[in-house]
Amino acid sequence: MGNYWRPATLEAALRILGEESPRPLAGGTDVYPALAQAAAWGAAEAPALLDLTGIAALRGVTRRGGVWRIGALTPWAALRDAPPAPGFRALAEAAAQVGGRQIQARGTIGGNLCNASPAADGVPPLLILDASVELASRRGQRVLPLRAFLLGNRRTARAPDEILTAILVPVEAAEAPSVFLKLGARRHLVISIAMVAASANGRVAVGACSEVARLWEEGVAPIGDVRASADYRRAAAEELVARARARLAA
Ligand SMILES: Cc1cc2nc3c(=O)[nH]c(=O)nc-3n(C[C@H](O)[C@H](O)[C@H](O)COP(=O)(O)OP(=O)(O)OC[C@H]3O[C@@H](n4cnc5c(N)ncnc54)[C@H](O)[C@@H]3O)c2cc1C
């Protein structure tokens, strides 16, 4: 087993990350399955891990002036149970469909974004909220639009010495109600074939149809893979968008 740290402050975490380069660990619901898979394929040694769950300041949703701040370590269960404004409804509905209750209790919104799966259910609800991400390192802090943070399949703009500390949402973007719809091969515990988040303010985002989820107005050129063909995904996305708009209208 590699080294393991569980600091209580962000400052300590950034120092360890800068000096030792361990892999950040939040809920572990992506990290541990990936490590188990690597071990099954003969990986010699587990990587050093920097467990962020001891840093209380990275959890919870707060409002400061014109901005909602979602701590990166906030678990899905908290987002599911207490959406703080009508525009967070889509994120709450996505949270309720991420894995099962155990995954929702353990998995975090920050881990979902940093893992950068094309099927990450957290991304479309945050795109329609015009979200940004806050990154910290010993060099300082920076804020990036979510769309600039997600670069591709499992690729983000996070530098190796940075920790995702929060997701920022303008208060006015969260005022209109929103909905989330997800299509998978079965009803529960499923990876999305297509998913849609839509806001009553007109913003619509589609996920699992391209390397990175996109706003519907940008157009989607769906991918085909083991879960669905490109044609099926296109039809599914169009249907989900229509249903989401109908739900909002009702
Ligand atoms: C059974 C099962 C079902 C699942 N179902 C779904 C689903 O329906 N929808 C879905 O979207 N996902 C699903 N997932 C994937 C996973 O649960 C989510 O992506 C979850 O949000 C990951 O969060 P985590 O805190 O567990 O991340 P971790 O596994 O701890 O970390 C994920 C990645 O992000 C990095 N990281 C984490 N936090 C930070 C941070 N603050 N700063 C910098 N880097 C960080 C880690 O180094 C790692 O690379 C499922 C997983 C399992 C095992």
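The values are calculated or read from the model by the stated rules, or taken from the named source; none is laboratory data. Note that this is a predicted model, so its numbers are computed, not measured. Using ideal geometry, Cβ is built from the backbone for each residue, glycine included, and neighbour counts are taken over all protein chains shown.
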Selection within region 183-200 - modelled with pLDDT of 95 or more and of a type outside the set (A, V, I, L, M, F, W, C): Ser199
Tally up the residues in region 155-166 that are within 9 Å of the ligand (Cβ to nearest atom) and exposed (fewer than 13 other Cβ atoms within 10 Å of the Cβ), please. 0
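Tell me which residues, restricted to region 134-174, are part of a strand (DSSP E or B), of a type in the set (Val, Ile, Thr) and touching a residue at least 60 places away in the same chain (Cβ under 8 Å).
Pass one, region 134-174, residues part of a strand (DSSP E or B): 134-137, 140-145, 150-152, 155-156, 163-170.
So of that shortlist, the ones also of a type in the set (Val, Ile, Thr) come out as 143, 156, 163, 165, 167, 169.
Selection gives Ile163, Thr165, Ile167, Val169.
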Which residues, counting only those in region 85-113, are surrounded by fewer than 23 Cβ atoms within 10 Å (Cβ to Cβ), part of a helix (DSSP H, G or I) and of a type outside the set (Asp, Glu)? Pro86, Arg89, Ala92, Arg101, Gln102, Ile103, Gln104, Ala105, Arg106
Using the structure shown, decide if Thr74 is polar (S, T, N, Q), within 14 Å of the ligand (Cβ to nearest atom), buried (at least 19 other Cβ atoms within 10 Å of the Cβ) and assigned by TED's automatic domain parsing to the domain that holds Gly207. yes
All but one of (1) assigned to a helix (DSSP H, G or I); (2) within 14 Å of the ligand (Cβ to nearest atom); (3) among the small types (Gly, Ala, Ser); (4) in contact (Cβ under 8 Å) with a residue 60 or more places away in the chain hold for Ala36, so report the exception by its number. (4)
Any chance you could count how many residues in region 194-217 are under 20 Å from the mean Cα position of the chain (by Cα) and either polar (S, T, N, Q) or part of a helix (DSSP H, G or I) (or both)? 3
Filtered residues of region 66-82 (kept if closer than 21 Å to Glu175 by Cβ, outside any strand (DSSP E or B) and in contact (Cβ under 8 Å) with a residue 40 or more places away in the chain): Gly66
Considering only residues of region 93-111 that are closer than 22 Å to Val196 by Cβ and in contact with a strand residue (DSSP E or B) (Cβ under 8 Å, 6 or more places away or on another chain), which is nearest to the ligand (Cβ to nearest atom)? Gly107
